[in-house]
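Let me begin by presenting the structure, written as structure tokens, before commenting on it.
The values are calculated or read from the model by the stated rules, or taken from the named source; none is laboratory data. As the structure is a computational prediction, the values presented were derived from the model and not from experiment. No Cβ is skipped: glycine too gets one built from the backbone with ideal geometry, and neighbour counts run over all protein chains shown. Quick note on the areas: whole protein, heavy atoms, side chains included, nothing else; ligands and nucleic acids left out. Shrake-Rupley method; radii C 1.70, N 1.55, O 1.52, S 1.80 Å.
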Amino acid sequence: MPFPLADINKRPVVFLDSLGANAAHSGLSLPVPSRLIADLHRAFDALYVLTSNLSAGHTHEEVVSALEQCGLQLVAKNLHMNWSTPFDLDSNLAEQIEAWHATKADRTPTSYVIITPAERGASLQGDSLAEYAVVFDDVFTEADYKKACLILHTQISFEPFNPDWY
């Protein structure tokens, strides 16, 4: 994958589009296991941005509370200062992430990965963001985790990717 190198002094961003608004607010089982998010965080010390389909109509405090109730305290404690993509009813995932990048004040490159279920990830097909996405079917798996590590690693290092490091 031909990723451009990002600023290694900046924490990577993980765009989470995979909790599902109902799951995040009702305590149902999550398609992204908190263990794999914790592993990703330990490996990359990431910041998290929720897509607007997760955060629409909710305050920062409500989202933090819901994340904590779902066992994602690590995400709640490490939300990016610009913690949500801009909301527009007609926008798809690609447009939301591009809008977040366009409105974020600091323009130096940040490494990032997009974690999304297949139904929402379809909007990334044919978009330049597709190479930064981990699109999963039912549940985010260990293989999906390794792909997320590959995507982040190749943006911050010239070293060949070794999955055993993660």
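Report Rg(Cα)/(2.2 N^0.38 Å) for the range 31-76, keeping two decimals.
For the range 31-76, the normalised Cα radius of gyration comes out at 1.15.
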Just grab the label-to-label distance for K146 and E131, each label 7 Å out from Cα along the Cβ direction, in nm (one decimal). 2.2
Per Stokes-Einstein, at 10 °C and 1.306 mPa s, what whole-number D in µm² s⁻¹ belongs to the range 107-166, with the Kirkwood radius over Cα pairs as the hydrodynamic radius? 129
Cα centre as origin, Lys/Arg/Asp/Glu Cβ charges: the range 37-109 dipole, Debye: 240
Please calculate the 1.4 Å probe accessible area of S34, with all protein chains present, and give it to the nearest 10 Å². 50
So who's got an amide H within less than 5 Å of the one on F140, skipping anything under 5 residues away but keeping other chains? H placed 1.01 Å off N, in plane. V32
Segments 131-137, 147-153 sorted - mean Cβ within 10 Å per residue, highest first: 147-153, 131-137
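By the scheme Lys and Arg +1, Asp and Glu -1, what is the net charge of all other residues having a beta-carbon under 12 Å from that of A76?
Net charge around A76: -2.
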Enter the mean projected area of the convex hull around the alpha-carbon atoms of the range 52-166, in nm², rounded to one decimal. 8.4
